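These notes are about the structure you will find just below.
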Amino acid sequence: MRHFTAHRLQFAAEVQTPIELNEHQGSAIRGALFHVLRNQFCVQHQYDACQPCPLHAGCPVSFLLATVDDEAQRGADVPRPYTIEPPVGNAWRYAPGQTLEFGLTMFARALNLFPYVVVASHGLQREGLGSKTQSNGWRRGTFALRQIWAENSLTGERKQVMSGDDPLVSVPDVPITHEQITRAVDDLACDGVSLTFRTPTRLVDHGVLVRRPLFRPLLQRLFERLSALARAYCDTPLELDFRGLLELARLVELTEDRTQWVELDSYSTRRNAHTPLGGFLGQATYQGDLRPFLPWLVWGQFTHVGKDAVKGSGWYTLTGAQA
């Protein structure tokens, strides 16, 4: 992970006509982004998926939204090089004049395709976002993009990337690095941590849905995600004693569970199918020797963990209790 980076972007938009997202707002934002990029940049619309397309190896749409690596162990099922950070809260209807904010985090070399994201965000203004409603004449709600900025929550650095009044766009240059992760771990110096799951987190362990934030399954899914991202998008794979660490993880206790399970799903018009997105939300506290796990738990705040991370699921924040 020493050469792995994360680039977190925040988007602020002013709602122009009513926007109605679904309860899983990240799924709606990701779906709209997919359709805009595919409509604007795909030149092979006769294919329903990216894998059979002969151009997928050099296609920005495939790389960002339907990543295919013919040499990867997981084949077509390669983790996407970004995550959505959706608006958090119960409100998912936005009236004209309200501000709609959401985030997008890009990993490692995916930053090279940042210009496509900017073009897509402008395309969203034209094509709209959310459900088609009667109040909008059976069209999607619209917004005006006011600002994009890059931020690093570990260093507190924040830089404007785009302003609605300025046509110039800057490439984000405030990356989250492993060196910063290490310094953040040194500042924690704790034997207990709390994870606040901000979006539904869905874990499957040995084929069974995990309905509580147990530490070992959580860490195992996180290791798998970090390893897959590093292998796909950076030159330095994650080399750890996974088996030994997972044995140690069994000794970490879930001492306080303030999470609740929520049932959600999303509908894909491309696949004509529903996908379950339910998971646990809320805060979980763990106690034990957490030192071997802290760097990866800090990274997980930016990569997310579990199913449908690309749609915003599995997003958590970490706080520590001093020893």
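Below 29 Å, Cα to Cα, which lysines can K132 reach? Residues fewer than 8 away in the same chain don't count.
K307, K311
Quick one: which residues, 5 or more positions from E157 or on another chain, have an amide H under 5 Å from its amide H? H modelled 1.01 Å from N in the peptide plane, none for Pro or chain starts.
N152
Whole Å is fine, so just give me how far the alpha carbon centre of the stretch 203-276 lies from that of the stretch 1-29.
Cα centres, the stretch 203-276 to the stretch 1-29: 21 Å.
So what is the 222 nm mean residue ellipticity for the chain from helices alone, if each DSSP H run of at least 4 adds -39500 (n - 2.57) and you divide by all residues, rounding to the nearest 500 deg cm²/dmol?
Rounded to the nearest 500, it is -8000 deg cm²/dmol.
Which Cα, out of S227, G312, Q287, lies furthest along the positive dipole direction of the chain (beta carbon charges, K/R +1, D/E -1)?
The Cα lying farthest towards the positive end belongs to G312.
Could you list the trypsin sites (Lys or Arg not before Pro) in the stretch 223-323 that lie in coil according to DSSP, counting only those with at most 11 other Cβ atoms within 10 Å of their Cβ?
Here the sparse-neighbourhood loop sites are R271.
Which FRET efficiency, nearest 0.05, do Q283 and R126 yield, Cβ-Cβ r, R0 41 Å?
Result of the calculation: an efficiency of 0.55.
Would you list the P(r) distribution for the chain, with all Cα-Cα distances sorted into 10 Å bins from 0 and each bin expressed as a whole %?
Here the calculated profile for the chain is 6, 25, 35, 25, 8, 1.
Determine ³J(HN,Hα), in whole Hz, for all residues of the stretch 295-307 in sequence, where each value follows from phi through the Karplus function 6.51 cos²θ - 1.76 cosθ + 1.60 and θ = phi - 60°; x replaces Gly and Pro.
My calculation for the stretch 295-307 gives x, 7, 5, 5, 4, x, 4, 9, 8, 6, 8, x, 5 Hz in order.
Got the relative contact order for the chain handy, in percent, Cα pairs under 8 Å and 6 or more residues apart?
Worked out over the chain, it gives 24 percent.
Below 13 angstrom from the Cβ of R2, what's the summed charge of the other residues (Lys, Arg +1; Asp, Glu -1)?
Result for the neighbourhood of R2: -3.
Got a sec? How would S121, S135, S170 order by Cβ neighbour count within 10 Å, fewest to most?
Ascending number of Cβ neighbours within 10 Å: S135, S170, S121.
Can you tell me the 0 to 90 degree angle between the C-alpha axis of helix 114-127 and the longest principal axis of the chain, rounded to 10?
Compared with the principal axis, the helix lies near 50 degrees.
Cβ neighbours within 10 Å, averaged per peptide: list 176-188, 212-224, 80-92 in order, most packed at the top.
212-224, 80-92, 176-188
Each reported figure results from applying straightforward, stated rules to the coordinates on display, with no laboratory input. These numbers come from a predicted model, not from an experiment. Glycine gets a Cβ as well: all are built from the backbone with ideal geometry, and neighbour counts include every protein chain shown.
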